[in-house]
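S.K.: Take this structure first; my questions come after.
The values are calculated or read from the model by the stated rules, or taken from the named source; none is laboratory data. Bear in mind that the values here come from a model prediction, so they are computed numbers and not experimental data. Heads up, the Cβs are rebuilt from the backbone with ideal geometry, glycines too, and the neighbour counts pull from every protein chain shown.
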Amino acid sequence: MNSKEFISSLANRTGKSNKEVSSLVSATVSAIISELAEENSVAISGFGTFEVKKKLERVLVNPITKQRMLVPPKIVVSFKPNASLKMKMNSER
């Protein structure tokens, strides 16, 4: 499902126009991004938690050339689904 399909689906479920739903989705995503940029976690009940994690620098070795490379530290976003979401996903199989 892409963005347009997602917005269309929400518009059909809520009875609002695509333009209204699009602005709501955009505002929601912007709020999540700004919180994650400040390294805060974002928990959405019934869905899951977005967390910011810091990866330490590490050394990788190319198995063919045996050359060592230093990977700099970085910040990544991880998602941990809610238990009810996990159960629903596993029950549908």
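S.K.: Just checking, how many residues over the range 70-82 are surrounded by fewer than 10 Cβ atoms within 10 Å (Cβ to Cβ) and hydrophobic (A, V, I, L, M, F, W, C)?
M.R.: Counting residues in the range 70-82 that are surrounded by fewer than 10 Cβ atoms within 10 Å (Cβ to Cβ) and hydrophobic (A, V, I, L, M, F, W, C) gives 2.
S.K.: Separate question: Quick check: is even one residue across the range 37-50 touching an Asp or Glu at 6+ places or on another chain (Cβ under 6 Å), surrounded by 11 or more Cβ atoms within 10 Å (Cβ to Cβ) and within 18 Å of VAL77 (Cβ to Cβ)?
M.R.: Yes.
S.K.: Another question, if that's okay. Scanning for something in the same structural domain as MET89 (by TED's automatic domain parsing), within 25 Å of MET89 (Cβ to Cβ) and either touching a Phe, Trp or Tyr at 6+ places or on another chain (Cβ under 7 Å) or not in a strand (DSSP E or B) (or both), does the range 14-34 turn up at least one residue?
M.R.: No.
S.K.: Turning to a different aspect of this structure: Do we find that SER41 is hydroxyl-bearing (Ser, Thr, Tyr), in contact (Cβ under 8 Å) with a residue 24 or more places away in the chain and in contact with a strand residue (DSSP E or B) (Cβ under 7 Å, 6 or more places away or on another chain) in this structure?
M.R.: No, not satisfied.
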